[in-house]
Amino acid sequence: MQLDERKKKILQAIIRNYLETGEPVGSRTISKYTDLNLSSATIRNEMADLEELGYIVQPHTSAGRIPSDKGYRLYVDIMMEEKDKEVEEMKEMLLEKEDKMEALLKQVVRVLAQNTNYATMISAPRLRGNKLKFIQLSRVDRGQILAVIVVEGNVIKNHMLEVPEGLSDETLLKLNMLLNTHLTGVSIEEINLGLIAALKQQAGIHEAVVGQVLDAVAEVIKEEEDLEIYTSGANNIFKYPELAENTKASELISAFEEKRALNTLVQETLADESNTGIQVYIGDENPIQAIKDCSVVTATYELDEGMKGTIGIIGPKRMDYDKVVGTLKSLMHQLDDLYKKKD
């Protein structure tokens, strides 16, 4: 028999309440626990149907009900379906935003090079100070579970974890509740030894599983992926005699093509949390050896949910600083209008 939505909601309420308290659940508790606005008598009738169908059982006469294995299985299947749908929606939204952002950044860096006659670069936005949105543990087989970890910006990471074969569905649900109750909205800096110890203590004999999940969370949040950097106007270097000399020009072009040096520049710019404005590096002030004969002007732009990137303009020391700084300030406002406010 296919359960209707009312029975599903009552079953879910029974399971959540039982997982929290460990005590059999009565109709009066469910009448307060759900948003169905049903009387205790109606809920009793629904619970009798659920018991007859084998989704809940009554451990003692006159006691409340507890979930059966069949009830847990339905709860897990429904929960997994909901979470899978949520994750897929996030992935689709993220891919759409990434496609739009890539096209926008390529256009920005190209126009910037044309307007300034200098070499230009822009890095794709990265998340700083990530916070967890949710964790979902689901069984793959008897000795493995999949940890789906979602952080700010809807960044989704999957980690396969080895677990004891005797890990039951009920235990898995309790671990999901434990982890999400304590970790949702928490940043990596807030996951300290005290919080870890408290989680492991509450997990009891399953503290090793919690430890594995916490290691996976730390890996996701600390993960340093290669920066995506878009460049344009490298050939503008040849317009300036002091940079057009073969060796200097070759070093500059290589720096733009390989992007490792530009990656260093972006990392240093983003590492300074207070750096949200315009920075000017002249000659030896540059952190990159290959562009010591140049001036570099950078700006840190910030989008929604703490996403930051770096815009850079590279030219001769005699560059038009007034024009460059004005252009970057205008661009930062335009990025805000085009992206942040629309999304």
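None of the figures in this text is laboratory data; all of them are computed from the coordinates on show. In this text, all values refer to a predicted model and were calculated from it rather than measured experimentally. All Cβ positions, glycine included, derive from the backbone under ideal geometry; neighbour counts span all protein chains shown.
What pairs in Lys106/Lys259; Lys248/Lys308; Lys131/Lys292; Lys7/Lys85; Lys9/Lys85; Lys239/Lys259 have C-alpha atoms more than 26 Å from each other?
Numbers: Lys106/Lys259 15 Å; Lys248/Lys308 31 Å; Lys131/Lys292 38 Å; Lys7/Lys85 22 Å; Lys9/Lys85 18 Å; Lys239/Lys259 21 Å.
Correct reply: Lys248/Lys308; Lys131/Lys292.
Dipole of the range 5-67 (Lys/Arg Cβ +1, Asp/Glu Cβ -1, origin at the Cα centre): which of Ala13, Gly64, Pro24 lies farthest to the positive side?
Ala13
In whole Hz and in residue order, list the ³J(HN,Hα) couplings for the range 7-16 that follow from phi through the Karplus curve 6.51 cos²θ - 1.76 cosθ + 1.60, θ = phi - 60°; x for Gly and Pro.
Listing the rounded values in order: 5, 4, 5, 5, 4, 4, 5, 4, 5, 4 Hz.
Tell me, what is the FRET efficiency for Gln334 and Leu195 to the nearest 0.05, using R0 = 35 angstrom and their Cβ-Cβ distance as r?
Details: r = 41 Å, r/R0 = 1.18.
Efficiency, from the Cβ-Cβ distance: 0.25.
Using a simple spin-label model with points 7 Å from Cα along the Cα→Cβ vector, what separation in nm is obtained for Gln144 and Glu20?
Distance between the two pseudo-spin positions: 3.5 nm.
Please give, to one decimal in nm, the separation of the simple spin-label points placed at Ser40 and Glu219, each 7 Å out from Cα toward the Cβ.
It is 5.1 nm.
Fewest Cβ neighbours within 10 Å first, please rank Phe256, Phe134, Phe238 accordingly. Before the final figure, lay out each step's value.
Values: Phe256 23, Phe134 17, Phe238 12.
With the fewest neighbours first, Phe256, Phe134, Phe238 line up as Phe238, Phe134, Phe256.
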